[in-house]
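The values are calculated or read from the model by the stated rules, or taken from the named source; none is laboratory data. All figures in this text were calculated on a predicted structure; none of them were measured in a lab. Glycine gets a Cβ as well: all are built from the backbone with ideal geometry, and neighbour counts include every protein chain shown.
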Amino acid sequence: MSIELKMAWRNIWRNPRRTLLTISAIAFASMILVFMLSFQLGCYETMINTSVKISTGHLQIQAKGYLKDKKMRLVIKDPEQVAKFLDTVEGIDTYTFRANGFSLVSSDTRTYGVVVTGIDPLKEAHVSSIKSLVRKGSYLKEDDETAALIGELLSHNLKVDINDELTILGQGKDGSIAAAVLTIKGIFTSGIDEFDRNVIMMGLKGFQEIFSMGKSVHEAVITADSLGDVSMVKQEIQNNFLKIKGGEYLAVPDWMEIMPGLLQGIQMDLVSGIIMYIILVIVVAFSIFNTFLMAIFERTREFGVMMAIGTTPSRITKLVMFESICMTIVGILLGIIIGSLVTLYFQNKGIYIAGTEDILKQYGIPDRLYPRLSLISATAGPLVVFVITFVSSVFPALKIRKLKPVEAMNNI
Amino acid sequence: MVAILAWRNIWRNPRRTIVILLAVIIGVWSMIFLGALMRGMETEMVRNSISTLTGSIQIHHREYRNDPVVENCMDGIDKLNQALSTSLDPGILWAKRVRVNAIASNARHTGGVTLVGIEPEKEAKISFIGKAMISGRYLTTEDKNKIIVGRAFLKKFNTKINNKLILMSQDTQKEIASKAFRIVGVFSAESEAVEKQFIFIPLLQAAKMLKMGDSISEVSIMLSRLDITGKKETLAAKRLTAAIADDTYRVETWQQLLPMMKAYLEMSGFFLYIWYFVVFVAMGFGIVNTSLMAIFERMREFGLMKALGMRPFQIIKGVVTETFFLLVIGILAGNILGFLSVAAISKNGIDLSALAAGAQMWGIPRKLYPEIWAQDVAVAGLVVLALGLLVSLYPAFKAARFTPTQAMRKN
């Protein structure tokens, strides 16, 4: 340990009260930043996972152009081949196939225009959360061809219940008229109004028959092992597309492309969070700047004596900088530790904010919010605090260079 | 006497005073500025959703909001008209609408939409549509089979002005009514969802197509100025309800029509004040630290005063009064700085359109004009003043406890 470092460490404990207050300010700011950032990131992860679970999956394989136009004829012609290929890709948890068609859906008294989705009941249950969302009636069975699941709000709008019949009327893939009568087997509630108002699901086989799709489907919906694996899996699929026959007509959009609003919404919220953090850090920086400045005014005499016995001004500057760095490091370490403990506590217990359930539901967040501690959320904020406090200690330290030993020693 | 002494004391060492003031000013400024940003966003959000066909107040059939279909429409227009004109202040505008779900289709596409039948001239004055046309023309009352659609709708349906569009919906006889329209104009809106959802035709044509006769789905009323607390709207709605005196009609304010918005406003207000507290704590450490250092520098002075017979309580009073002056000056200067910075920004607003899709998801406007609320200024000022005085007690007690001999021996 160099002599400056040793002196710095001893110096800061010469006035323990001041040091403790400064450290507390730094620790407080770091703690708030660790907690808030973990909280935000935790909410985003929940939002992404819920949306991914309810409908889109992490990745999809679709015909090129389907994402934009949703045209009936843009299909995956040979899903079996795609399935065989997907079985060989690493990092994929599960996958399923779906087909979609816009139809007029009528009950006895009401008619609505809705997108009907054909799902593979067995595989779908592993990929999406739909099975667990069925609150009334039951989920589809493998061979159900004319049974349907319907969102709760849509069932209200159509004035239908379990076992009622729905007539659907749409256009098949070949342009023919697609018409059928479906029996409602289950009613689901996701809490996301948009989804509950606009979705009807039926067995994929039945769907393919009614809409003259043959064996083809519109989407292969893929869940990766984790959110972090998505880009890797996407790359892997893209690289090996040409192994599939007709692979050149396929595309692999990920959840960010399928739901651009979600990603940008998260970015937006992150930006407004960052503005708030910056303001907090500025306030903290000012209180620390003040403390450093006052400390230096107070110690003018001491510096004068040091200079008189031959210490160069740059060495004193170095000493003062070391002091502030020591305090900052102790402060942010404390902040990280306390912040992480607080975060971990709430990560287990969840945070409940009364009166916000209805809003959160729409973004797919359950009524308890769970922060999530990660390396980034634990270190990003404190790192910024470190840099800012360092910068704000430079100016007071530079004042030392202007001191003249005799004048300084005369200062009380 | 205490006040004069304190005032002179704080200017005895201007450098120290300015250092403490700076901390208070920056803290108060940050509170005012952040509050203004948030309030600006809130007001713009409410204004947007009100002008997106909500209005300040709406009247519907009792069942319509649960079940927005053509059967749940209101007749007895004469009575409604009379109630509206007698109970509302002159200058308040309203318009009648037919609003039902429908299916739009052309050769390439089919999709669900909300069909809105409007009185073109009146509607233009109360909702966004009046200023939203970007190409083609707006509707007139006489138009027979003309329709206007949103920009995003046009793109989704891959069509253009002058092309045909077929609308289908259920009429009052429970039959499917369908009619062909020609697109004459295109509108834009804050969000793509609105551009895709709503299509407009003249009220008379909608009523005819759906065999509704004279009846309508809703009346939308726009008060002359938005009151974000909703008090004015509630008052007007009460008067209207009394004037109509018929419980098949339901009068609701935007706060009732948009419960999510109301909950959001409450939540963000709560959150803002929590953040004020957090900022204060960050600032408070600095205030305590600097004033504590100042007290120690002046130890000799306090000892002398005590030796001259000043009581500890008087010293506490003196130090707290000094802090009081510092805080008041800091709060005032912080407010001035806050007002100036907000004024500088709100001339042009902050452009958020780079994050347009995200802004739509959260319902945030594309342009943000910060807005200062008296309530926030008061809360920020009070928080800083009250808590600032509270934390200044610590250095004050320290100062009061110096004994004359101990203090005067220093140096």
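Looking only at the stretch B:99-132, how many residues end up being within 13 Å of chain A (Cβ to nearest Cβ) and part of a helix (DSSP H, G or I)?
Total meeting the criteria: 0.
For residue A:236, state whether it is charged (D, E, K, R) and either within 30 Å of residue B:286 (Cα to Cα) or within 14 Å of chain B (Cβ to nearest Cβ) (or both).
For residue A:236, the condition - charged (D, E, K, R) and either within 30 Å of residue B:286 (Cα to Cα) or within 14 Å of chain B (Cβ to nearest Cβ) (or both) - is not met.
Filter the stretch A:113-143 down to the residues that are within 30 Å of residue B:69 (Cβ to Cβ) and either away from chain B (no Cβ under 14 Å) or more than 34 Å from the chain's Cα centre (by Cα) (or both) and list them by number.
A:117, A:118, A:119, A:130, A:133, A:134, A:135, A:136, A:137, A:138, A:139, A:140, listed by residue number.
If you scan the stretch B:124-167, which residues turn out to be crowded, with 16+ Cβ neighbours inside 10 Å, touching a residue at least 60 places away in the same chain (Cβ under 8 Å) and closer than 27 Å to residue B:50 by Cβ?
Residues satisfying the conditions are B:126, B:127, B:128, B:129, B:139, B:143, B:167.
Taking the criterion of being in contact with a Lys or Arg (Cβ under 6 Å, 6 or more places away or on another chain) and charged (D, E, K, R), would at least one residue in the stretch B:315-322 satisfy it?
Within the stretch B:315-322, none of the residues are in contact with a Lys or Arg (Cβ under 6 Å, 6 or more places away or on another chain) and charged (D, E, K, R).
Could you tell me which numbered condition residue A:312 fails, if it satisfies all but one of (1) surrounded by fewer than 20 Cβ atoms within 10 Å (Cβ to Cβ); (2) of a type in the set (Ser, Thr, Tyr); (3) touching a residue at least 40 places away in the same chain (Cβ under 8 Å)?
It fails just one condition, (3).
Quick one: which helices (runs of 4 or more DSSP H) lie wholly within the stretch A:254-320 and hold at least 2 residues that are charged (D, E, K, R)?
A:260-298, A:300-308
Are any of the residues in the stretch B:80-98 within 14 Å of chain A (Cβ to nearest Cβ) and either outside any helix (DSSP H, G or I) or over 27 Å from residue B:247 (Cα atoms) (or both)?
no
So residue B:310 ticks every box in (1) touching a helix residue (DSSP H, G or I) at 6+ places or on another chain (Cβ under 9 Å); (2) assigned to a helix (DSSP H, G or I) but one. Which box is left unticked?
(2)
Which helices (runs of 4 or more DSSP H) does the stretch B:314-411 wholly contain that include 3 or more residues that are modelled with pLDDT under 80?
In the stretch B:314-411, B:356-362, B:404-409 are the helices (runs of 4 or more DSSP H) which contain 3 or more residues that are modelled with pLDDT under 80.
Just give me the residues in the stretch B:256-295 being of a type outside the set (A, V, I, L, M) and either touching a His at 6+ places or on another chain (Cβ under 7 Å) or surrounded by 19 or more Cβ atoms within 10 Å (Cβ to Cβ) (or both), in sequence order.
B:264, B:275, B:276, B:280, B:284, B:285, B:286, B:289, B:290, B:291
Of the residues B:322, B:301, which is among the acidic types (Asp, Glu) and surrounded by fewer than 19 Cβ atoms within 10 Å (Cβ to Cβ)?
B:301
Residues being more than 9 Å from chain B (Cβ to nearest Cβ) and free of Cβ contacts under 8 Å to residues at least 24 places away in the same chain: count how many of those fall in the stretch A:256-305.
5
What about residue B:67, is it modelled with pLDDT under 85, more than 14 Å from chain A (Cβ to nearest Cβ) and outside any helix (DSSP H, G or I)?
Taking the combined requirement at face value, the residue does not satisfy it.
Here's the yes/no breakdown for (1) within 36 Å of the chain's Cα centre (by Cα); (2) not assigned by TED's automatic domain parsing to the domain that holds residue A:95:
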| residue | (1), (2) |
| --- | --- |
| A:238 | yes, no |
| A:269 | yes, yes |
| A:272 | yes, yes |
| A:275 | yes, yes |
| A:309 | no, yes |
| A:324 | yes, yes |
| A:327 | yes, yes |
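Across the stretch A:344-374, which residue is modelled with the lowest pLDDT among those that are part of a loop (DSSP other than H, G, I, E, B) and away from chain B (no Cβ under 14 Å)?
Here the residue is A:366.
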